[in-house]
Amino acid sequence: MKKKYSVPIIIKDLKWNYGDRNVLKNINLEFERNKFYTIIGPNGSGKTTLLKNISKILFPKKECVYINEIDLITMKNKTLAQNISYVPQNTMIDFEFSVMDVVLMGRNPYMGRFQSEREEDIEIAKKAMQMTNTWKLREKNINELSGGERQRVIVARALTQDTDIIILDEPISNLDIHHQIELLDTVKFLKKDITVIAVLHDLNLAAKYSDYLILTNNGEIVQKGSPREVLTKENIEKVYSIKVNMIEDPVTGSPHIIPMSTYFNR
Ligand code: ADP
């Protein structure tokens with residue numbers, strides 16, 4: 001039985017440079033268990049770089065990122081994979097794997113070197129595929145799927161990894177509106193007691209699904225808080241350089257943004 005931490009991710013003074021370009025500037029954040037966080041902000045703000053630092057795709061400096069109280073940089077890859085699953089923006093798979101094989105890769109962190117998957121692993125994978133509506137694709141070649149289908153398969157693999165932290169970089173950008181809602185519902189409601197960190201560009205969906213929004217710009221955090229606190233007309237107009245009207249979502253009461261065209265609304 002895994003120990004549950006109330007604050008599974010702590011980030012202290014995290015910086016990141018690409019060459020001499022300062023992309024993350026002194027980021028301090030805490031992520032609580034069982035909450036849905038969405039990082040928002042214009043292109044180039046450093047959102048993906050932040051996610052990569054948390055998932056050790058990029059290597060942060062010592063004592064900057066803690067996962068379940070362990071410094072990420074000292075964590076073994078297998079332990080990390082039992083704690084965090086990461087769904088990148090674009091997943092290229094070079095080999096001719098079936099969908100089932102790709103999803104079962106999510107069980108690798110729990111298997112010995114030459115061990116093959118057990119009945120239990122297949123059951124976990126099947127459940128994740130049913131949740132993401134990919135079970136019917138299980139015998140197909142991963143490279144024969146549409147971008148949206150492939151994205152759902154990669155999310156199924158992440159769910160199969162059975163971690164308490166799921167990180168999703170623009171998980172719905174390739175999906176039609178039906179699959180967008182289905183995927184967000186799956187991650188938010190079907191998996192219990194996990195921490196989700198997503199990057200989403202759709203601010204209205206972000207407002208509906210997130211407990212907290214983290215608004216970023218130029219490698220800094222502009223504001224972190226509830227959707228109502230963060231998605232103000234002032235914040236959006238300043239950070240995205242557009243004019244907006246704000247209304248309330250009639251069902252959830254969350255803020256709903258209507259961007260103003262510079263042509264229609266002269
Ligand atoms: P976002 O996810 O908010 O769009 P990114 O984290 O992808 O932002 O990128 C932040 C900045 O870092 C951008 O200006 C981008 O061009 C730059 N950048 C991203 N990846 C690299 C890289 N591998 N090498 C150099 N610069 C990069």
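The values are calculated or read from the model by the stated rules, or taken from the named source; none is laboratory data. Computed from a predicted structure; not experimentally measured. Here the Cβ is made from the backbone with ideal geometry for all residues, glycine too, and neighbour counts use every protein chain on show. Surface areas here come from the heavy atoms of the whole protein model, side chains and all, with no ligands, DNA or RNA. Shrake-Rupley method; radii C 1.70, N 1.55, O 1.52, S 1.80 Å.
Does residue 95 meet the test of being farther than 18 Å from residue 200 by Cα, out of contact with any helix residue (DSSP H, G or I) (no Cβ under 8 Å at 6 or more places or on another chain) and surrounded by fewer than 21 Cβ atoms within 10 Å (Cβ to Cβ)? Show your work before the answer.
Numbers: farther than 18 Å from residue 200 by Cα: yes; out of contact with any helix residue (DSSP H, G or I) (no Cβ under 8 Å at 6 or more places or on another chain): yes; surrounded by fewer than 21 Cβ atoms within 10 Å (Cβ to Cβ): yes.
It is true that residue 95 is farther than 18 Å from residue 200 by Cα, out of contact with any helix residue (DSSP H, G or I) (no Cβ under 8 Å at 6 or more places or on another chain) and surrounded by fewer than 21 Cβ atoms within 10 Å (Cβ to Cβ).
Here are some conditions: (1) in contact with a Lys or Arg (Cβ under 7 Å, 6 or more places away or on another chain); (2) in contact (Cβ under 8 Å) with a residue 40 or more places away in the chain. Residue 163 meets all but one. Which one does it not meet?
Unmet condition: (1).
Restricting to region 5-34, and then to whatever is free of Cβ contacts under 8 Å to residues at least 40 places away in the same chain and open to solvent by 90 Å² or more (accessible area, probe 1.4 Å), can you tell me which residue is farthest from the ligand (Cβ to nearest atom)?
30
Checking residue 126 against (1) out of contact with any Phe, Trp or Tyr (no Cβ under 7 Å at 6 or more places or on another chain); (2) assigned to a helix (DSSP H, G or I); (3) over 24 Å from residue 46 (Cα atoms); (4) open to solvent by 50 Å² or more (accessible area, probe 1.4 Å): exactly one of these is not met. Which one?
With (1) out of contact with any Phe, Trp or Tyr (no Cβ under 7 Å at 6 or more places or on another chain); (2) assigned to a helix (DSSP H, G or I); (3) over 24 Å from residue 46 (Cα atoms); (4) open to solvent by 50 Å² or more (accessible area, probe 1.4 Å) applied to residue 126, the lone miss is (1).
Only residues that are within 16 Å of the ligand (Cβ to nearest atom) and surrounded by fewer than 18 Cβ atoms within 10 Å (Cβ to Cβ): list them for region 203-222, please.
Initially, region 203-222 is screened for residues within 16 Å of the ligand (Cβ to nearest atom), giving 203, 206, 213-222.
Selection gives 218, 220, 222.
List the number of the failed condition for residue 193; all other conditions in (1) surrounded by fewer than 21 Cβ atoms within 10 Å (Cβ to Cβ); (2) on the phi < 0 side of the Ramachandran plot hold.
(2)
In region 139-174, how many are away from the ligand (no atom under 16 Å from the Cβ), hydrophobic (A, V, I, L, M, F, W, C) and over 16 Å from residue 85 (Cβ atoms)?
Going through region 139-174 one residue at a time, the tally reaches 2.
Restricting attention to region 59-82, which residues are within 16 Å of the ligand (Cβ to nearest atom) and open to solvent by 30 Å² or more (accessible area, probe 1.4 Å)?
Result: 59, single match.
Quick check on my filter: what residues within region 15-39 are over 26 Å from residue 193 (Cβ atoms) and part of a strand (DSSP E or B)? Talk me through it step by step, then tell me what you get.
Going residue by residue through region 15-39, those that are over 26 Å from residue 193 (Cβ atoms) are 15-26.
Scanning region 15-39 gives 15, 16, 17, 18, 21, 22, 23, 24, 25, 26.
Which residues, counting only those in region 159-206, are in contact with a strand residue (DSSP E or B) (Cβ under 6 Å, 6 or more places away or on another chain), modelled with pLDDT under 95 and assigned to a helix (DSSP H, G or I)?
187, 188
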